[in-house]
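Asks: Input: one structure, supplied below.
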Amino acid sequence: MDLELILLNFPYFVAIILFSMGTLIVLTQPNLVKKVIGINIMETSIFLFFIAVGNMHGGVPPIYDPQFPDALYVNPLPSVLMLTGIVVSFSVTAFALALIVKLYIYYGTVCAPNFMKLK
Amino acid sequence: MDRVDLDTIKMLPFYCVIIPLIASFCMPVLARWKKEYCAPFTTAVTAAVFIITIIIGNHVIKGRAISYAVSGWRPPWGIEILVDPLSAVMMMLIAGISLCIMVYSFAAVKYELERIVSGWYYTAFLLCFSGMIGLVVSNDLFNMYVLIEITGISACALVAAKGTRLSTEAALKYLLLATVGSGFILFGIGFIYMITGHLNITFIAIELAQVRDQYPILIWTTLSFFVVGFGVKAALFPLHLWLPDAHSSAPSPSSAILSSLVVKVYIIAFVKILLIAFGLEIFHETFIRHLIIVLAVIAMLAGSFFAFVQIELKRRLAYSTVAQIGYVFLGIGLGTPWGLAAGMLHIVVHAFMKTCLFLCAGAIAYQTGRKKVNEFTGLGYLMPFTMGAFTISAFSMVGIPLFGGFISKYGLALGSLEADLPLLILVIILSGLLNATYYFPMIGQAYFSQDGDSNHGEHGSNEAQKKFKRDEIPLSMLIPIVVVALGVIYLGIFPGTILKFINQTVAVLL
Amino acid sequence: MHDYATRVVFRYMLLFVLLYGVYVVMHGHISPGGGFSGGMIIGLGLLLYILIFGQLWNMTFRRMILDSAIIFVGIGGILEVLKFIIPYEHGPIGVPGTLFSVGIISVSNFGIGILVASTILGVYYMISEEA
């Protein structure tokens, strides 16, 4: 694999690295808020991946302009799908934070090892 | 009467998704206005959807799958709803079981939840319901992802509704792991979109068959992402960590709906993606089949072992779910007509059995406050209807003939013979025996135990206890338990009614 | 946050943040923008205001925000869902370069914007009331 190919496809590599980092953070960090941040990193990497899939070289944003009717547009569908993904990510974050607040009231800490044991 | 307008019937599956969704949006306002109307309204919506699903099932069984393009956008671009016989039977199952659980939760919600959250509870219930039905009928991958998230988040809300320390903790654990799972699923969908440029499953199947040889590694990656994602969601054994906590600490209607339906619809979605989108050739060429069989065998044995050592009743039932999920995945992994049909049948049977068991556990806790597996003494006489239903379901779980569980296990054994893996029959029998080791002691203690509560009473009271009394739970809790238990017996004696649906789909898939 | 610099800077920035939010809401159907993004900007601007200047609004107002969030989410959800029920009715296509040429959809963008903004504030208030 030569350097050219890697440079050409670097959004995919970044997406995979971010995804792995996010998953690692969710699974290993003891702090619950950091776990939620990990989930956000993970979802953001997926958004990046989708938008990289929709991109094409030399494309312009898909806004219809009467002056250039034959312009090469990038694929707008993944971006639109990711808008839904952002909403989902937002609601998951809000719900998780609400639960963390309740747990903080019960335990007085947001550190997981004190209570999140495997049973 | 057979002159049904085709367009009306095409819209019906769509209404099944939309009506609960609209009702769930109405629910918070209704809860703020008149709290006592929430439960009847939810029941009415669920019953209406159940009637619609029966009409759909009657239509689909004649061999005409329903395909509907939502809002008029044609399939390659728009969202398509496709109801094949398997989806139809799953819709009927979801609506029917939800109706039973809903009737049960009239009294149970008042007993187990605080009054202030009951309106939100029904909101989450309806959202979960509509998400599940949508997941079963949808034929579009991204739409499937959105519905997975709706189902997952509202299922977490159903767990967290109890508001105790344990249930909040379990809900957070469920939410974090489920989000990781759906992240994997979304990444897999991204890979599929990258390979084929489509999101509709039918078009993906056509496109993937052509370009399959160009992307061998990418298809492997995609499949592994889907297995991990749906494995977390459906609690396949090494990824089941969220399940026991979530099921045991939730209110009992929630644990029934989680265990019997929510976990299963993900399996249906997985089957759709695996067998329709990827197709049989990829299924047989890659080693995904062997991976699923190995994981399923581990799940069947380890889930039963874990269930054996639990003390708390609902926890034992939850680990039993892990084992039963193994059966379903085993049926998928076998990939033969009998195996797949038995796996799908086991989804139906297990939905009935596990609903009945969880509702019985809730009823026992309601009347006597007992939550441990070694406190069943005299329950057979104290609450005969509940314990009768419990016994029926436990027998079915073990796989005794005349009960539903026997048919699906027999089918799995036939399927493993078809797939030339006769050793699996040994595993199925071993797992059934393990089931017996942890269900029979409870039943034996309930009916035949002698030690009883005689230590704080005179000698004669032990004899007085041996009289059948009527259960002291409300009628709205008793009727669903009895109905579901009768359903288990019906499935054991006449499995053909369901198999007729399933075999039609299996004949198309394989 | 009792930092003097943030207070002074944001006092004058809030107006522009809200204006930008309204700008994004107004575009949406045939030009880049949309109800969700604009509503997010408006909601986050108000949220930043609350974070910097403290909980200035009293309890009644907060309850009102919560109730309106619930009702707006309800109405908005129902409208969003009803959009799908009528097949083959997609409304006018619109004229490129204009803002309000697409009938009901350009109005519904404002509804979505208010919905998203009130949802963000509602989520914040719900969490902060628990703690």
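Asks: Could you let me know the centre-to-centre spacing of the stretch B:174-229 and the stretch B:108-143, using Cα atoms, in angstrom?
Replies: Rounded to whole Å, the Cα centres lie 27 Å apart.
Asks: For chain A, rounded, prolate or oblate, judged on the Cα gyration tensor with a ≥ b ≥ c (square roots of eigenvalues), a/c < 1.5 rounded, else prolate if a/b > b/c? Spell out each step's value before the answer.
Replies: Numbers: a/c = 5.29, a/b = 2.01, b/c = 2.63.
Judged from the Cα gyration tensor, chain A comes out oblate (a/c at least 1.5, b/c at or above a/b).
Asks: Can you sort B:Val227, B:Val109 so the residue with the fewest Cβ neighbours within 10 Å comes first?
Replies: On the way: B:Val227 20, B:Val109 23.
Starting with the residue having the fewest Cβ neighbours, the order is B:Val227, B:Val109.
Asks: Label A:Ile105 and C:Arg63 with points 7 Å out from Cα along Cα→Cβ: what is the distance between them in nm?
Replies: The modelled label-to-label distance comes out at 1.8 nm.
Asks: Picking from A:Phe19, A:Phe49, A:Phe68, which is most flexible by a Gaussian network model of chain A using Cα springs under 10 Å?
Replies: Sorting by GNM fluctuation, first place goes to A:Phe68.
Asks: Which whole number gives the average, over all residues in B:186-199, of C-beta atoms from other chains lying within 10 Å of the residue C-beta?
Replies: Details: counts 10, 8, 0, 3, 10, 2, 0, 8, 7, 1, 0, 3, 0, 2.
So the per-residue partner count for this stretch is 4.
Asks: Determine the shielding of peptide B:174-182 by partner chains: average, over its residues, the number of Cβ atoms on other chains within 10 angstrom of each Cβ.
Replies: Working: counts 1, 6, 12, 2, 1, 14, 8, 0, 4.
Across B:174-182, the average partner-chain Cβ count within 10 Å equals 5.
Asks: Which of rounded, prolate, oblate describes chain B, given a ≥ b ≥ c as roots of the alpha-carbon gyration tensor eigenvalues and a/c under 1.5 marking rounded, otherwise prolate only if a/b is larger than b/c?
Replies: Numbers: a/c = 1.77, a/b = 1.38, b/c = 1.28.
It comes out prolate by the Cα gyration axes.
Asks: Given 37 °C and 0.692 mPa s, how large is the Stokes-Einstein diffusion coefficient of the stretch B:261-384 in µm²/s, with Rh as the Kirkwood radius over Cα pairs?
Replies: For the chosen part, D equals 205 µm²/s.
Asks: Where Lys and Arg each count +1 and Asp and Glu each count -1, what net charge lies around B:Phe501 among other residues with Cβ under 14 Å from its Cβ?
Replies: Values: positive: B:Lys62, B:Arg64, B:Lys500; negative: B:Asp84.
Here the count lands on +2.
Asks: If you don't mind, another one. How many angstrom lie between the C-alpha centres of the stretch B:385-441 and the stretch C:11-69?
Replies: Going from one Cα centre to the other spans 58 Å.
Asks: Taking the Cα-to-Cβ direction at B:Gln214 and at B:Val482 and moving 7 Å from each Cα, how far apart do the two end points lie in nm?
Replies: 6.4
Asks: Apply 1/(1 + (r/R0)^6) to the Cβ-Cβ distance of B:Ser67 and B:Lys467, taking R0 = 56 Å, and write down the FRET efficiency to the nearest 0.05. Working shown, then result.
Replies: On the way: r = 59 Å, r/R0 = 1.05.
Once the sixth-power term is evaluated, E becomes 0.45.
Asks: Also: Which whole number gives the average, over all residues in C:69-77, of C-beta atoms from other chains lying within 10 Å of the residue C-beta? Write down the numbers at each step before the final one.
Replies: Values: counts 1, 5, 3, 0, 3, 9, 3, 1, 5.
Mean inter-chain Cβ contacts per residue within 10 Å come to 3.
Asks: Determine, from the Cβ-Cβ distance of A:Tyr64 and C:Phe16 and an R0 of 30 Å, the FRET efficiency 1/(1 + (r/R0)^6), rounded to the nearest 0.05. The partial results should precede the final answer.
Replies: Values: r = 29 Å, r/R0 = 0.96.
Approximately 0.55, to the nearest 0.05.
Asks: Using only helices, what value at 222 nm comes out for chain A when you add -39,500 (n - 2.57) per DSSP H run of length 4 or more and divide by the total residues, to the nearest 500 deg cm²/dmol? If you can, show how the numbers build up before the last one.
Replies: On the way: 4 runs with 79 residues, N = 119.
The helix-only estimate for chain A comes to -23000 deg cm²/dmol at 222 nm.
Asks: Work out, step by step, the length gained on full extension between C:Ile75 and C:Val8: first 0.36 nm times the residue separation, then minus their alpha carbon distance; give nm to one decimal.
Replies: Details: separation 67, 0.36 × 67 = 24.12 nm, distance 3.77 nm.
So the chain would gain 20.3 nm between C:Ile75 and C:Val8.
Asks: Taking only C-alpha pairs under 8 Å that are 6+ residues apart, what is the relative contact order of chain A in percent? Spell out each step's value before the answer.
Replies: Details: 101 pairs, mean separation 29.7, N = 119.
It comes to 25 percent, rounded to a whole number.
Asks: Could I ask something else about it? Which shape class applies to the stretch B:287-510: rounded if a/c is under 1.5, otherwise prolate when a/b exceeds b/c and oblate if not, where a ≥ b ≥ c are the square roots of the Cα gyration tensor eigenvalues? Display every interim value, and only then the final one.
Replies: On the way: a/c = 2.78, a/b = 1.94, b/c = 1.43.
Taking the square roots of the gyration eigenvalues as a ≥ b ≥ c, the stretch B:287-510 is prolate.
Asks: Working out 0.36 nm times the residue gap between B:Ala507 and B:Glu285, then minus their Cα-Cα distance, what length gain in nm do you get to one decimal?
Replies: Details: separation 222, 0.36 × 222 = 79.92 nm, distance 2.02 nm.
Between B:Ala507 and B:Glu285, full extension yields 77.9 nm more.
Asks: Taking K and R as +1 and D and E as -1, what net charge do the other residues with C-beta under 14 Å from the C-beta of B:Arg289 add up to? Could the numbers behind the result be given before it?
Replies: Values: positive: none; negative: B:Glu281, B:Glu285, B:Glu418, B:Asp420.
Counting the neighbours of B:Arg289, the net charge comes to -4.
Asks: For B:Thr368 and B:Lys110, what does the FRET efficiency come to when R0 = 30 Å and r is the distance between their Cβ atoms, rounded to the nearest 0.05? Mind showing how you got there, number by number?
Replies: Values: r = 18 Å, r/R0 = 0.59.
Between B:Thr368 and B:Lys110 the formula returns 0.95.
Asks: Count charges around B:Thr123 for me, please; just the other residues with Cβ under 13 Å from its Cβ, Lys/Arg as +1, Asp/Glu as -1. Present the calculation step by step, with values, prior to reporting the outcome.
Replies: On the way: positive: B:Arg32, B:Lys35; negative: none.
Taking every other residue near B:Thr123 into account, the sum is +2.
Asks: Under the Karplus relation 6.51 cos²θ - 1.76 cosθ + 1.60, θ = phi - 60°, what is the ordered set of whole-Hz ³J(HN,Hα) values for the stretch B:246-262, x standing for Gly and Pro?
Replies: Result, rounded to whole Hz: 4, 6, 7, 9, 6, x, 5, x, 5, 5, 4, 6, 5, 6, 8, 10, 4.
Coordinate-derived values only; no laboratory data. Keep in mind it's a predicted model, so treat the numbers as computed, not measured. Positions of Cβ are generated from backbone atoms using ideal geometry, with glycine treated the same way; all protein chains shown enter the neighbour counts.
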